[in-house]
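The values are calculated or read from the model by the stated rules, or taken from the named source; none is laboratory data. Keep in mind that this is a model prediction, so the values were computed, not measured. Every residue, glycine among them, receives a Cβ derived from its backbone with ideal geometry; neighbour counts consider all protein chains shown.
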Amino acid sequence: MRSFKSFTRQLSLVLCALLVSVTAYAADETSQRGPLLATVNGEPIHVRDLQAYAKGNPIMTGYMTHLPGVRRVLDDLINVKLLVLEGQRLGIQRNEDEKDDRYALRLRNQLMEKCERPDEAEAKGFYEAHPEVFSTPAYVRVNKVYLKATDKVEDMDAMAFLKRRSEGLRDGSLNFEDIVAKVRPLIPSDIRLGDMGFIPLNEKDPLIDQLSQAKVHDLIGPFENNGFIYLFQVTDRRDPIVLSWDEVKGSAQDMAFSHCMQTHFAKLRREIESRFPVVIYEETLKALKFN
């Protein structure tokens, strides 16, 4: 059986495909440390701080190429900073040469309410009480087309062109392939347009939220993102499927234990955050540029 964690890894790749594929992260150079993304108890986290943190954790570097990934890395760094502050408040000493992330991990294990790994009967009880944890995501199948905001098509700018063509999609005078054919010469040949296949809806992201609510044949857009104009069309949907006990029993104990750990850490973070406030600058995050 395909692991549940693989759905999360897959989605990071999916979001890269839905919006323009990226290979490098471009920071705003208006200041040496880049834009301010968040503060933890008044301590700022700038773009450069986030890049440095990701560089020290190689598994995270790939997340720095798209906004949902940047949010994940930022959330992880905020967790580290909160745990370090809590450790200092409690007077818990660092070990010699213990870096922030290692210190934070030790504090997390020390401060968080403990979870016991369930036996198979307990795991089955968890499965029956929380079927959503053992469900596949909902999926939508989408068509995609995009242009640079500065592109001109048929003497119209990109937004005006895609708005006009979206009207044709709604009244049935055009199909999506007609629009793809028009914009294809302006888009690199290695960028996929048209049918993007089925997309899992298991990520907190504004685009995924809109896709989650859309019905078959609905259009999303055209809208602007990072200098590009996008238009999507939902062409099919698949509802979540609860996997059978036989399909999940091999991983159910791990899933139940992981769910317990996540729940207990969320509780600990809320407690720490009540003492050390966190501010996240959403508009700055949304304005980040990727290329």
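Being among the charged types (D, E, K, R) and either closer than 24 Å to residue 198 by Cα or at pLDDT 75 or above (or both), is that true of even one residue in segment 16-29? Let's see the steps before the verdict.
So in segment 16-29, the residues among the charged types (D, E, K, R) come out as 28-29.
After this cut, where a residue has to be either closer than 24 Å to residue 198 by Cα or at pLDDT 75 or above (or both) as well, the list is none.
Scanning segment 16-29, I find no residue that is among the charged types (D, E, K, R) and either closer than 24 Å to residue 198 by Cα or at pLDDT 75 or above (or both), so the answer is no.
Can you tell me which of (1) in contact with a helix residue (DSSP H, G or I) (Cβ under 7 Å, 6 or more places away or on another chain); (2) modelled with pLDDT of 90 or more is the one residue 202 doesn't meet?
(2)
Hey, does segment 47-67 have a residue that's touching a Cys at 6+ places or on another chain (Cβ under 8 Å) and in a helix (DSSP H, G or I)?
Within segment 47-67, one or more residues are touching a Cys at 6+ places or on another chain (Cβ under 8 Å) and in a helix (DSSP H, G or I).
I'm checking my understanding of the structure. Among residues of segment 112-157 that are among the β-branched types (Val, Ile, Thr), under 30 Å from the mean Cα position of the chain (by Cα) and under 20 Å from residue 184 (Cα atoms), which one is surrounded by the most Cβ atoms within 10 Å (Cβ to Cβ)?
Among residues in segment 112-157 that are among the β-branched types (Val, Ile, Thr), under 30 Å from the mean Cα position of the chain (by Cα) and under 20 Å from residue 184 (Cα atoms), the one surrounded by the most Cβ atoms within 10 Å (Cβ to Cβ) is 145.
Would you check which residues across segment 262-275 are over 21 Å from residue 88 (Cβ atoms) and either among the hydroxyl-bearing types (Ser, Thr, Tyr) or exposed (fewer than 15 other Cβ atoms within 10 Å of the Cβ) (or both) and list them?
Once the filter is applied, which keeps residues that are over 21 Å from residue 88 (Cβ atoms) and either among the hydroxyl-bearing types (Ser, Thr, Tyr) or exposed (fewer than 15 other Cβ atoms within 10 Å of the Cβ) (or both), segment 262-275 yields 262, 263, 266.
Exactly one of (1) exposed (fewer than 12 other Cβ atoms within 10 Å of the Cβ); (2) within 23 Å of residue 137 (Cβ to Cβ) is unmet by residue 243. Its number?
(1)
Kindly indicate which of 166, 173 is crowded, with 17+ Cβ neighbours inside 10 Å, touching a helix residue (DSSP H, G or I) at 6+ places or on another chain (Cβ under 9 Å), of a type in the set (S, T, N, Q) and more than 30 Å from residue 76 (Cβ to Cβ).
166
Looking at 193, 186, 169, 201 in this structure, which one is touching a residue at least 24 places away in the same chain (Cβ under 8 Å) and under 23 Å from residue 70 (Cβ atoms)? Step through it out loud before you land on a result.
Values: 193 fails: under 23 Å from residue 70 (Cβ atoms); 186 fails: under 23 Å from residue 70 (Cβ atoms); 169 fails: under 23 Å from residue 70 (Cβ atoms).
The match here is 201.
Say whether the condition of being in contact with a His (Cβ under 7 Å, 6 or more places away or on another chain), touching a residue at least 12 places away in the same chain (Cβ under 8 Å) and either outside any strand (DSSP E or B) or not charged (D, E, K, R) (or both) is met by at least one residue in segment 209-231.
No, there is no match, as no residue in segment 209-231 is in contact with a His (Cβ under 7 Å, 6 or more places away or on another chain), touching a residue at least 12 places away in the same chain (Cβ under 8 Å) and either outside any strand (DSSP E or B) or not charged (D, E, K, R) (or both).
What pairs can you find where one residue is in segment 57-77 and small (Gly, Ala, Ser), the other is at pLDDT 75 or above and part of a helix (DSSP H, G or I), and their Cβ atoms are less than 6 Å apart, with a gap of 6+ or different chains?
Going by the 6 Å Cβ cut-off, the qualifying pairs are 69/63.
Could you go through segment 265-287 and let me know if any residue there is part of a strand (DSSP E or B), over 30 Å from residue 107 (Cα atoms) and among the aliphatic types (A, V, I, L, M).
Scanning segment 265-287, I find no residue that is part of a strand (DSSP E or B), over 30 Å from residue 107 (Cα atoms) and among the aliphatic types (A, V, I, L, M), so the answer is no.
Looking only at segment 193-208, which residues are part of a loop (DSSP other than H, G, I, E, B) and loosely packed, with under 13 Cβ neighbours inside 10 Å? Step through it out loud before you land on a result.
Step one: list which residues in segment 193-208 are part of a loop (DSSP other than H, G, I, E, B), which gives 193, 201-205.
Matches in segment 193-208: 204 only.
Return a yes/no flag: does segment 68-89 have any residue that is farther than 30 Å from residue 286 by Cβ and either among the basic types (Lys, Arg) or crowded, with 16+ Cβ neighbours inside 10 Å (or both). Spell out the reasoning first.
Restricting attention to segment 68-89, the residues satisfying the condition of being farther than 30 Å from residue 286 by Cβ are 87-89.
Next, only the ones that are either among the basic types (Lys, Arg) or crowded, with 16+ Cβ neighbours inside 10 Å (or both) stay: 87, 89.
Looking through segment 68-89, at least one residue is farther than 30 Å from residue 286 by Cβ and either among the basic types (Lys, Arg) or crowded, with 16+ Cβ neighbours inside 10 Å (or both).
Failed condition for residue 272, given (1) within 30 Å of residue 40 (Cβ to Cβ); (2) in contact (Cβ under 8 Å) with a residue 12 or more places away in the chain; (3) under 23 Å from the mean Cα position of the chain (by Cα), with all others met?
Tallying (1) within 30 Å of residue 40 (Cβ to Cβ); (2) in contact (Cβ under 8 Å) with a residue 12 or more places away in the chain; (3) under 23 Å from the mean Cα position of the chain (by Cα), residue 272 fails exactly one: (3).
Against the condition without any contact (Cβ under 8 Å) to a residue 12 or more places away in the chain, of a type in the set (A, V, I, L, M) and surrounded by fewer than 13 Cβ atoms within 10 Å (Cβ to Cβ), how does residue 160 come out, does it pass?
No.
Helices (runs of 4 or more DSSP H) wholly in segment 71-180 with at least 3 residues that are closer than 30 Å to residue 240 by Cβ and touching a Phe, Trp or Tyr at 6+ places or on another chain (Cβ under 8 Å) - which ones?
Working: elements: 100-111, 120-129, 158-171.
By residue number, no helices (runs of 4 or more DSSP H) qualify.
If residue 215 satisfies all but one of (1) more than 30 Å from residue 114 (Cβ to Cβ); (2) modelled with pLDDT under 95; (3) surrounded by 12 or more Cβ atoms within 10 Å (Cβ to Cβ), what's the number of the condition it fails?
Here residue 215 clears every test but (3).
Looking at this structure, is residue 222 in contact with a strand residue (DSSP E or B) (Cβ under 9 Å, 6 or more places away or on another chain) and at pLDDT below 95?
yes
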